[in-house]
Amino acid sequence: MTSALEDPTLERHFKGHRDTITSVDFNSNMKQIATGSMDSCIMIWNMKSQMRAYRFVGHKDAVMSVQFSPSGHLVASASRDKTVRLWVPSVKGESTSFRAHTGTVRSVSFSGDGQSLVTASDDKTVKVWTVHRQKFLFSLNQHINWVRCAKFSPDGRLILSSSDDKTVKVWDKTSRECVHSFYEHGGCVTHADFHPSGTCIAAASTDSTVKVWDIRTTKLLQHYQVHSAVVNGLSFHPSGNYLITASNDSTLKVLDLLEGRLLYTLHGHQGSATCVSFSRTGDYFASGGSDEQVMVWKTNFDSADYGEVLRVQKSAAGAEGPALASDPPPGQCSETPRLPENPGPLPGTRGRTRSTGQALEIPRERHPQPETAVSDALTSTLEHIVGQLTVLTQLGEFMP
């Protein structure tokens, strides 16, 4: 293995959805990819060639978000029909459904232990549920416009939410209080997520920017003006060294967080790139677009670096969608962004593009590892879901 920087490569592309892709996620076993679409369907794609893809039909309106559970034994989906569904990602496609909100459900996400769900909605609320029996736990209510995205922190103690009210909020799960609001974006905040260390967050906006904050100091660490249109989604590489973004300008951008600069611009989608996600190991990432295509890319550029991170972690052990910005928000959100001052190349940069932010110093000691065993609670949940089986159509289609 060499440490030379290698370009990402497009490995596969999947066609089967009949409208814009809204969300994409990898199973932790790397054998499946789940996607949601404005066509109201969920597709489960198999990474192996010649394996069948499954189309799951059940939602009555557009699917806005999908995510595999940490174990990979469930897929959660959120829809404009105001419901959330939990699916077993197999040929039978059993599912159970519950009405989660009084408006479009924009986002659904599992906690790191797979026991809780957090949802975000156009009803301006964030809600937390148990996965087992889908019991409602509590609601977070301080946003004053549609909530586009909500995520748990890696340790499950915090919740992150982003909204059309142009704010990003961090909540304490135990006290249910908002511990800080970030106001720096000039447009609707379409997507946000925690850094794998749990110490930083990143957010994407209709103002065409991506921002990174330290939640311990609440300081803005980095500001990236690399897209020329709305940024719809983002995903951290599991190493914490890279961030990938998807935009209405049709491109994906790979950002080097340690050096604070744009590393790659990837062209592939014919139309808006609406969502993007790294695999659990970081070896691959997948993107979806308004062209109805799902593209799977091999990362390449961080193989040596992340391999070293994993070795360090193992040694230490011995002593874890976004909504469409084209969906018209209530009121005008976009503003003309200003390019930041160019700080110039940072020491040690691998000269490929101009620098776009300061170097980011992030601790690496807490990278969540994929769940490998099925807990008793999860087994019970699966049995309960099968017992609650609702009307569902399964369609096996051969992938092109």
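Here are some notes:
- Of the strands (runs of 3 or more DSSP E) lying entirely inside segment 124-174, those containing at least 1 residues that are open to solvent by less than 20 Å² (accessible area, probe 1.4 Å) and within 19 Å of residue 185 (Cα to Cα) span 147-152, 158-163, 168-172.
- Against the conditions (1) in contact with a His (Cβ under 9 Å, 6 or more places away or on another chain); (2) over 30 Å from residue 145 (Cα atoms); (3) hydrophobic (A, V, I, L, M, F, W, C); (4) buried (at least 22 other Cβ atoms within 10 Å of the Cβ), residue 88 satisfies every one except (4).
- When 247, 228, 161, 153 are checked against the criterion of being closer than 22 Å to residue 299 by Cβ and of a type in the set (Gly, Ala, Ser), a single residue qualifies: 247.
- Residue list for segment 123-175, filter: of a type in the set (Ser, Thr, Tyr) and within 18 Å of residue 77 (Cα to Cα): 125, 130, 161
- Of all the criteria given as (1) open to solvent by less than 10 Å² (accessible area, probe 1.4 Å); (2) under 18 Å from the mean Cα position of the chain (by Cα), the one not satisfied by residue 280 is (1).
- Restricting attention to segment 242-268, the residues that are part of a loop (DSSP other than H, G, I, E, B) and open to solvent by 10 Å² or more (accessible area, probe 1.4 Å) total 6.
- Segment 93-123, residues that are among the hydroxyl-bearing types (Ser, Thr, Tyr), open to solvent by 10 Å² or more (accessible area, probe 1.4 Å) and outside any loop (DSSP other than H, G, I, E, B): 97, 116
- Among (1) open to solvent by less than 10 Å² (accessible area, probe 1.4 Å); (2) of a type in the set (Val, Ile, Thr); (3) closer than 17 Å to residue 212 by Cα, the one test that residue 230 misses: (1)
The values are calculated or read from the model by the stated rules, or taken from the named source; none is laboratory data. The structure presented is a predicted model; accordingly, all values stated were derived computationally and were not measured. Heads up, the Cβs are rebuilt from the backbone with ideal geometry, glycines too, and the neighbour counts pull from every protein chain shown. Accessible surface areas use protein heavy atoms only, side chains included; no ligands, DNA or RNA. Shrake-Rupley method; radii C 1.70, N 1.55, O 1.52, S 1.80 Å.
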